[in-house]
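See structure below.
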Ligand code: GLN
């Protein structure tokens, strides 16, 4: 039986607006195809994960406080995470986790939360605490050369600068900064985005893109995922749009 090994980082700290749903969707869509998801959580105090051993690493969003609690722990794995990315392990990072893979996150009080510095972007919170990018968001991205709309929900004070490879173009909502035209970061096997939702339940095509990419890398063969009945998901998408 084909299987994917998924590392779920800091599930106790990074879980906002249904982020855990992404894990459930990945599992569901694998099982519907007769495949298996092995999901292993990691958080502070657990033994060090062997990042290269996984097919997919997922981390959700978290408020500034949670980010500052775990940043030190995360940063110790910089070399291992960098190696895993270079090896092609897929990383799906939502909001707070997205920010922590950049250079740093600067909070409202000017406090610096160190990032992994794996990517060159950096995030600074808007000075006015009451001003946040909040609401539904639609972006357009390209998956395997095909344009597709990705729907989600954003809620962040952080404004991300220095993005060279955005995940998508904003059709509705804010994106990396207030009223931005660009959202997220997408480079090879890394998708980092502000979209909660949960992201994958609202975007089955994206979920399958990630699964297919991971399966292809692992089994070194063309794996056609049998179509699932996404009528309900697609009706919801039509309504959202
Ligand atoms: N603390 C970050 C911000 O407000 C991330 C929030 C989140 O993950 N939704 O920008």
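Taken together, the values in this text are just the output of simple stated rules run on the coordinates, not laboratory data. Keep in mind that what you see is a predicted model, and the values were worked out from it rather than measured. Counting neighbours? That spans all protein chains shown, and the Cβs are built from the backbone with ideal geometry, glycine included.
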Inset, instruction - Test each condition in (1) more than 12 Å from the chain's Cα centre (by Cα); (2) away from the ligand (no atom under 12 Å from the Cβ) for residue 105 and report the one that comes out false. - result: (2)
Inset, instruction - Check whether at least one residue in region 69-83 is touching a strand residue (DSSP E or B) at 6+ places or on another chain (Cβ under 9 Å), under 26 Å from residue 216 (Cα atoms) and not in a loop (DSSP other than H, G, I, E, B), and report yes or no. - result: yes
Inset, instruction - State whether one or more residues within region 62-73 are touching a helix residue (DSSP H, G or I) at 6+ places or on another chain (Cβ under 8 Å), buried (at least 17 other Cβ atoms within 10 Å of the Cβ) and closer than 30 Å to residue 233 by Cα. - result: yes
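Take the conditions in a loop (DSSP other than H, G, I, E, B) and buried (at least 21 other Cβ atoms within 10 Å of the Cβ) and apply them to residue 14. Does it pass?
It is true that residue 14 is in a loop (DSSP other than H, G, I, E, B) and buried (at least 21 other Cβ atoms within 10 Å of the Cβ).
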Inset, instruction - Among what's in region 119-128 and is more than 10 Å from the ligand (Cβ to nearest atom), without any contact (Cβ under 8 Å) to a residue 60 or more places away in the chain and assigned to a loop (DSSP other than H, G, I, E, B), pick the residue that is nearest to residue 108 (Cα to Cα). - result: 127
Inset, instruction - Six or more apart or on different chains, Cβ under 6 Å: which pairs go from a residue in region 97-112 that's touching a residue at least 40 places away in the same chain (Cβ under 8 Å) and over 8 Å from residue 123 (Cβ atoms) to one that's part of a loop (DSSP other than H, G, I, E, B) and near the ligand (Cβ under 9 Å from one of its atoms)? Could you list them? - result: 97/14
Inset, instruction - Spot the failing condition for residue 198; the list is (1) within 16 Å of the ligand (Cβ to nearest atom); (2) touching a strand residue (DSSP E or B) at 6+ places or on another chain (Cβ under 6 Å); (3) over 21 Å from residue 104 (Cα atoms), and only one is missed. - result: (2)
Inset, instruction - Residues being under 21 Å from the mean Cα position of the chain (by Cα) and without any contact (Cβ under 8 Å) to a residue 24 or more places away in the chain: count how many of those fall in region 189-233. - result: 2
